Amino acid sequence: MLGAADISVDEIWHSQIFWRLRLPRVLMSVLVGAVLSVCGAAYQSIFRNPLTDPYVLGVSSGASMGAAVAILLGLEAWLWGVGGMALAAALATVWLIYRIASIGNRMHTTTLLLTGVCLTLLISALISFLMVLNQEKMDSIIFWTMGSFGSSSWTDVALMAPMALIGIGVVLWYGRDLNLLLAGSEAAKSMGCEVEKVKRVLLVATTLMVAFAVSSCGVIGFVGLIVPHAVRLVAGPDNRKVVPYSILCGALFVLVCDTLARYLLRPSELPVGSLTSMVGAPLFIYLLYKNKKGY
């Protein structure tokens, strides 16, 4: 009911604005919020670092590069033109990082993280260079990199929902293994965990989810960082609880932020990524300060 156009309860079921614009947008915000939170919870256990988020492997930077190129090529009018390029570039970036960080069948997580950070900085510099050369398209690129559900459609929902359900199912299935990974690779092996296989499966599943999310709505920061961290403070470290609670809390957090993004400055709207960062960053700093003795 909330937005630039007021819709009453009686009108909502007969409104084209509801069916074509607001309902797919709400569903996308719920799906993306759940995905980013679950991926954040998984990454924090895999890398044994509470400050790891879903974009650490370069997924967002690769997607941003693909989207920037698509916008500069004028593919915005094509069906999923920008999103398709963003998805392809995100997957290509992560594949490159995996190749650099892998030796044989073994994947070095420290090298993986460092490669992701370095490649993210490089791609950010390239995007800035492209924006300087094409200043007439700068606004479109910047708005996309800040995240928005403004163009969400039923096609986006149809593409995102199966990937979200499958990926979240995989993470839930490996909840016990995520708990074992928190104890370290050697300890996890001694307790029957196939460490390399579990890491590979989880990283592939989470990377695909994040890539689809970023290619659909742009970069939405701090969700995968703050939500699982806050859930752990309340529910404890057991991933069999953290993952389900992260699904619910992440979905609600992004939904509320997106609702505020389209309501506060109506008829204009804010990029939802700016709101999640404005809310998430101070809250995360507060949580770190309150619990600094634990680090």
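The values are calculated or read from the model by the stated rules, or taken from the named source; none is laboratory data. Since this is a predicted model, take the numbers as computed values, not measurements. Because the Cβ atoms are built from the backbone with ideal geometry, glycine has one as well, and the counts that use them run over all protein chains shown.
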Name the pairs whose Cβ atoms lie under 8 Å apart, with the first residue in the range 214-242 and at positive phi, the second surrounded by 24 or more Cβ atoms within 10 Å (Cβ to Cβ) and at pLDDT 90 or above, and 6 or more positions between them or separate chains?
Gly236/Val242
May I ask you to verify whether Asp139 is surrounded by fewer than 16 Cβ atoms within 10 Å (Cβ to Cβ) and within 26 Å of Ser274 (Cβ to Cβ)?
yes
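Going through Leu283, Leu252, Leu287 one at a time, which residue ends up being at pLDDT 85 or above and either acidic (Asp, Glu) or assigned to a helix (DSSP H, G or I) (or both)? Show your work before the answer.
Values: Leu283 fails: at pLDDT 85 or above; Leu287 fails: at pLDDT 85 or above.
Criteria check complete, one pass: Leu252.
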First in the range 144-167 and in contact (Cβ under 8 Å) with a residue 24 or more places away in the chain and in a helix (DSSP H, G or I), second anywhere and surrounded by fewer than 18 Cβ atoms within 10 Å (Cβ to Cβ) and not hydrophobic (A, V, I, L, M, F, W, C), Cβ under 9 Å, 6 or more apart
Trp154/Arg20
Sort out which residues of the range 241-284 are among the polar types (S, T, N, Q) and surrounded by 22 or more Cβ atoms within 10 Å (Cβ to Cβ), and write them in order of number.
Ser246, Thr276
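Does Leu287 satisfy the condition of being touching a helix residue (DSSP H, G or I) at 6+ places or on another chain (Cβ under 9 Å), surrounded by fewer than 23 Cβ atoms within 10 Å (Cβ to Cβ), free of Cβ contacts under 8 Å to residues at least 24 places away in the same chain and more than 28 Å from Pro162 (Cβ to Cβ)? It would help to see each step written out before you state the result.
Values: touching a helix residue (DSSP H, G or I) at 6+ places or on another chain (Cβ under 9 Å): yes; surrounded by fewer than 23 Cβ atoms within 10 Å (Cβ to Cβ): yes; free of Cβ contacts under 8 Å to residues at least 24 places away in the same chain: no; more than 28 Å from Pro162 (Cβ to Cβ): yes.
For Leu287, the condition - touching a helix residue (DSSP H, G or I) at 6+ places or on another chain (Cβ under 9 Å), surrounded by fewer than 23 Cβ atoms within 10 Å (Cβ to Cβ), free of Cβ contacts under 8 Å to residues at least 24 places away in the same chain and more than 28 Å from Pro162 (Cβ to Cβ) - is not met.
Being modelled with pLDDT of 80 or more, under 29 Å from Gly74 (Cβ atoms), not β-branched (Val, Ile, Thr) and not in a helix (DSSP H, G or I) is the requirement here; does Phe212 meet it? Lay out the reasoning, then the answer.
Values: modelled with pLDDT of 80 or more: yes; under 29 Å from Gly74 (Cβ atoms): yes; not β-branched (Val, Ile, Thr): yes; not in a helix (DSSP H, G or I): no.
For Phe212, the condition - modelled with pLDDT of 80 or more, under 29 Å from Gly74 (Cβ atoms), not β-branched (Val, Ile, Thr) and not in a helix (DSSP H, G or I) - is not met.
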Which one of these is touching a helix residue (DSSP H, G or I) at 6+ places or on another chain (Cβ under 9 Å) and modelled with pLDDT of 85 or more: Leu87, Leu113, Leu122, Leu91?
Leu122
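Determine, yes or no, whether Glu136 is more than 23 Å from Val59 (Cβ to Cβ) and part of a helix (DSSP H, G or I). Give the steps one after another, and end with the answer.
Details: more than 23 Å from Val59 (Cβ to Cβ): yes; part of a helix (DSSP H, G or I): yes.
Taking the combined requirement at face value, the residue satisfies it.
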